[in-house]
Amino acid sequence: MASDPETNAPLAVLILSPLRSLSGNLVTAERIRKQLRGRRIFGFIKDPIDFQNLDDFYSFLDLYQVAAILAVHAYHCGRLLQDCPVPYAVVFGGTDLNVNSRNADHLMMMTDVVINASVLVAFTESMAKHALTLWADDISEEKMQIISPGIGVMPSTSFSSSFHLKHLFSLDCEEPEIYTLASAIRPVKDPLFLVQAFSGWHCAENSKAYLVIVGPPLKDEAYYSSFQDITLRLPGVLYIPGLPQGDLQALIRDSSALINSSLSEGLSVTLLEVRCR
């Protein structure tokens, strides 16, 4: 086990990230913890909402002797990182740079977090350039690291997409033609982009074709309610709130096409995910 050179205590790192079941953030956090474990470093995974206030957060850091924090999303983790007594690195999310930076209050908080971070991480060169432009007077290129994304491709061998869809939605079609859109249900991902046109195609030309939208709802209850109202009344459009990663990759493997309708992507892995096929 790796240890602190001064105290000889085992090194513990807190991975701080919004975590929702079956979400990309959870998959990313688990992948980071696995990498840390391979280097004999103990990794905790926590969602910022697990801590009711700063006292709870600081007590956790002290109790488990956390040596460093890796925060995924500057804005979502920001309230805990301002004046944080432990060194931390920030991994930018796409919404940090493309959405939250447009809100003056959000940008102010993220600026404090960015200035005091030990390291900043972007997944792509374009994200790094965007961050360096946003905080041109506050951060240097030396502080920014670009770490390219990766994804484990391990589709489940026991998952039958046709059987699952026929069982879940009582489909009459023997072999449905599947088109998959894997996305959290929120406006910036625009999961409704194709639904009307696709349903029209299903009804008029190809009754075997089904648009399968897979992903958990995220916070915006009004949007999620509207999304459900629309998709439930459209023939040929199916919604699954989430699948384990292996089953989702099996669904992608069995699909005629993988669709990405997002308006903002910080970690677009569509081309990598399609390798499930």
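The values are calculated or read from the model by the stated rules, or taken from the named source; none is laboratory data. The model shown is predicted, which means the values in this text are computed figures rather than measured ones. Note that we place each Cβ from the backbone using ideal geometry, even for glycine, and neighbour counts take in every protein chain shown. Surface areas here come from the heavy atoms of the whole protein model, side chains and all, with no ligands, DNA or RNA. Shrake-Rupley method; radii C 1.70, N 1.55, O 1.52, S 1.80 Å.
Criterion first (within 21 Å of residue 259 (Cβ to Cβ) and open to solvent by less than 60 Å² (accessible area, probe 1.4 Å)) does residue 120 satisfy it? No: the conditions fail for residue 120.
At pLDDT 95 or above and either crowded, with 20+ Cβ neighbours inside 10 Å or in a loop (DSSP other than H, G, I, E, B) (or both) - does that describe any residue in segment 263-272? No, there is no match, as no residue in segment 263-272 is at pLDDT 95 or above and either crowded, with 20+ Cβ neighbours inside 10 Å or in a loop (DSSP other than H, G, I, E, B) (or both). All conditions but one from (1) within 22 Å of residue 17 (Cα to Cα); (2) more than 20 Å from the chain's Cα centre (by Cα); (3) surrounded by 14 or more Cβ atoms within 10 Å (Cβ to Cβ) apply to residue 101; the one that does not is (2).
If you check 79, 20, 31, 37 for being more than 21 Å from residue 109 (Cβ to Cβ), at pLDDT 85 or above and of a type in the set (Lys, Arg), only one passes: 37. Inside segment 129-169, residues that are within 14 Å of residue 254 (Cβ to Cβ) and open to solvent by less than 50 Å² (accessible area, probe 1.4 Å) make up a count of 6.
For (1) open to solvent by 20 Å² or more (accessible area, probe 1.4 Å); (2) touching a Ser or Thr at 6+ places or on another chain (Cβ under 7 Å); (3) not in a helix (DSSP H, G or I), each residue gets a yes or a no:
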{"site": "61", "(1), (2), (3)": "no, no, no"}
{"site": "65", "(1), (2), (3)": "yes, no, yes"}
{"site": "69", "(1), (2), (3)": "no, no, yes"}
{"site": "76", "(1), (2), (3)": "yes, no, no"}
{"site": "84", "(1), (2), (3)": "yes, no, yes"}
{"site": "90", "(1), (2), (3)": "no, no, yes"}
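Filtering segment 150-177 to residues that are touching a helix residue (DSSP H, G or I) at 6+ places or on another chain (Cβ under 7 Å) and either over 13 Å from residue 240 (Cα atoms) or without any contact (Cβ under 8 Å) to a residue 24 or more places away in the chain (or both) leaves 151, 153, 154, 155, 156, 159, 171, 175, 176.
Taking interchain pairs and intrachain pairs at least six residues apart, which have beta carbon atoms under 6 angstrom, with the first residue in segment 203-218 and free of Cβ contacts under 8 Å to residues at least 60 places away in the same chain and the second exposed (fewer than 15 other Cβ atoms within 10 Å of the Cβ) and part of a loop (DSSP other than H, G, I, E, B)? As it stands, the answer is 203/235; 208/173, since those pairs meet every condition given. Residues in segment 238-253 that are open to solvent by 60 Å² or more (accessible area, probe 1.4 Å) and either under 15 Å from residue 178 (Cβ atoms) or in a helix (DSSP H, G or I) (or both): 245, 253.
Out of segment 189-237, which residues are aromatic (Phe, Trp, Tyr), open to solvent by less than 70 Å² (accessible area, probe 1.4 Å) and closer than 18 Å to residue 255 by Cα? Once the filter is applied, which keeps residues that are aromatic (Phe, Trp, Tyr), open to solvent by less than 70 Å² (accessible area, probe 1.4 Å) and closer than 18 Å to residue 255 by Cα, segment 189-237 yields 198, 210. Can we say residue 203 is modelled with pLDDT under 95 and more than 30 Å from residue 101 (Cα to Cα)? Here the answer is no, as residue 203 does not meet what is asked.
Among the residues of segment 44-53, the ones that are open to solvent by less than 70 Å² (accessible area, probe 1.4 Å) and over 16 Å from the mean Cα position of the chain (by Cα) come to 3 in all.
For segment 199-237, the candidate set comprises residues that are of a type outside the set (Val, Ile, Thr) and either touching an Asp or Glu at 6+ places or on another chain (Cβ under 8 Å) or part of a strand (DSSP E or B) (or both); within that set, the residue that is farthest from residue 27 (Cα to Cα) is 206.
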